[in-house]
Amino acid sequence: MESTFGIIAEPNRRAILSLLASSEQSVSEIEHRLRMPQPSVSKHLRVLREAGFVEARVDAQRRVYRIRPDPLREVDAWLAPFRRFWSTHVDALERHLDRMDQAPPRKGTKRKKGKKR
């Protein structure tokens, strides 16, 4: 069986997961929204289902898929130690932007319209 990261590395599967993150979807809805052929959607859904990322329920004549959060929690836990790298950079960017807002304009530069100081 593929690893969790191998499964989500495939762009079509990530697109399906992104779509399912907002709401349950049937196979035909996924086909339509992602403009993918039905056999391809079914193949990717099978991989995602077997890996535990999604589950299906039968609703009349269609299967409706929804996301299962457990494998994504595993990914989140793995990423946790790395968050400090981007958190530090985002914090530094925020401080830089705050300093830019507080600094007087330099000679020869124009202020953006609509922005009052």
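The values are calculated or read from the model by the stated rules, or taken from the named source; none is laboratory data. Everything quoted here is computed from the prediction, not taken from an experiment. Note that we place each Cβ from the backbone using ideal geometry, even for glycine, and neighbour counts take in every protein chain shown.
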(request) Six or more apart or on different chains, Cβ under 7 Å: which pairs go from a residue in region 13-26 that's touching a residue at least 40 places away in the same chain (Cβ under 8 Å) to one that's exposed (fewer than 15 other Cβ atoms within 10 Å of the Cβ)? Could you list them? (result) Leu20/Arg66; Glu24/Arg66
(request) Evaluate region 47-60: report whether one residue or more is exposed (fewer than 11 other Cβ atoms within 10 Å of the Cβ), closer than 30 Å to Glu24 by Cβ and not aliphatic (A, V, I, L, M). (result) yes
(request) May I ask you to verify whether Ser87 is in the same structural domain as Pro11 (by TED's automatic domain parsing), part of a helix (DSSP H, G or I) and among the small types (Gly, Ala, Ser)? (result) no
(message) Yes or no: region 93-100 includes at least one residue that is buried (at least 16 other Cβ atoms within 10 Å of the Cβ), out of contact with any strand residue (DSSP E or B) (no Cβ under 9 Å at 6 or more places or on another chain), among the aliphatic types (A, V, I, L, M) and outside any loop (DSSP other than H, G, I, E, B).
(response) no
(request) Examine region 20-39 for a residue that is buried (at least 16 other Cβ atoms within 10 Å of the Cβ) and touching an Asp or Glu at 6+ places or on another chain (Cβ under 7 Å), and state whether such a residue exists. (result) no
(request) Would you check if Ser22 is in contact with a helix residue (DSSP H, G or I) (Cβ under 8 Å, 6 or more places away or on another chain) and not assigned by TED's automatic domain parsing to the domain that holds Leu79? (result) no
(request) Could you grab the pairs with beta carbons closer than 7 Å, sequence gap of 6+ or different chains, first residue in region 69-89 and surrounded by fewer than 10 Cβ atoms within 10 Å (Cβ to Cβ), second one small (Gly, Ala, Ser)? (result) Asp70/Gly52
